[in-house]
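Each remark here refers to the structure printed beneath this line.
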Amino acid sequence: MDDFTFGAIIGTVIAGALVGGIPAITGAIKGKIGLAIGGFFACLVSSLLLGLVLAVPCCAVFMYLIFKGSKAG
């Protein structure tokens with residue numbers, strides 16, 4: 001494996017972990033640990049598949065699911 005391929009894989013893993021950290025932290029704060037862990041790993045895997053093109057919408061879906069059951073006020 002050459003240096004460019006290795007760097008690209010490491011870069012997508014880091015990007016997926018950063019994007020996946022958003023639903024992970026939010027889900028942990030809201031008490032929805034299952035969605036938090038699922039969102040993190042789904043963003044990580046989707047980032048490996050298509051980069052941020054798929055990881056950001058995946059993050060948005062999990063954020064919607066986390067906030068769906070919450071009632072304001």
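No value in this document is a laboratory result; all are computed from the given coordinates. Just so you know, these numbers come straight off a predicted model, no measurement behind them. All Cβ positions, glycine included, derive from the backbone under ideal geometry; neighbour counts span all protein chains shown.
Show the residue pairs that are 6+ apart or on different chains and have beta-carbon atoms under 8 Å apart, the first residue being within the range 42-68 and in contact (Cβ under 8 Å) with a residue 24 or more places away in the chain and of a type in the set (Ser, Thr, Tyr), the second being assigned to a helix (DSSP H, G or I) and crowded, with 20+ Cβ neighbours inside 10 Å.
Listed pairs, sorted by first residue: Ser46/Gly16; Ser46/Ala55; Ser46/Cys58; Ser47/Gly16; Ser47/Val19; Ser47/Gly20; Ser47/Ala55.
Inside the range 32-57, can you point out the residues that are over 22 Å from Lys68 (Cα atoms) and part of a loop (DSSP other than H, G, I, E, B)?
Correct list: Gly51 only.
For the range 24-31, check the following and say yes or no: at least one residue is assigned to a helix (DSSP H, G or I), under 11 Å from the mean Cα position of the chain (by Cα) and not β-branched (Val, Ile, Thr).
yes
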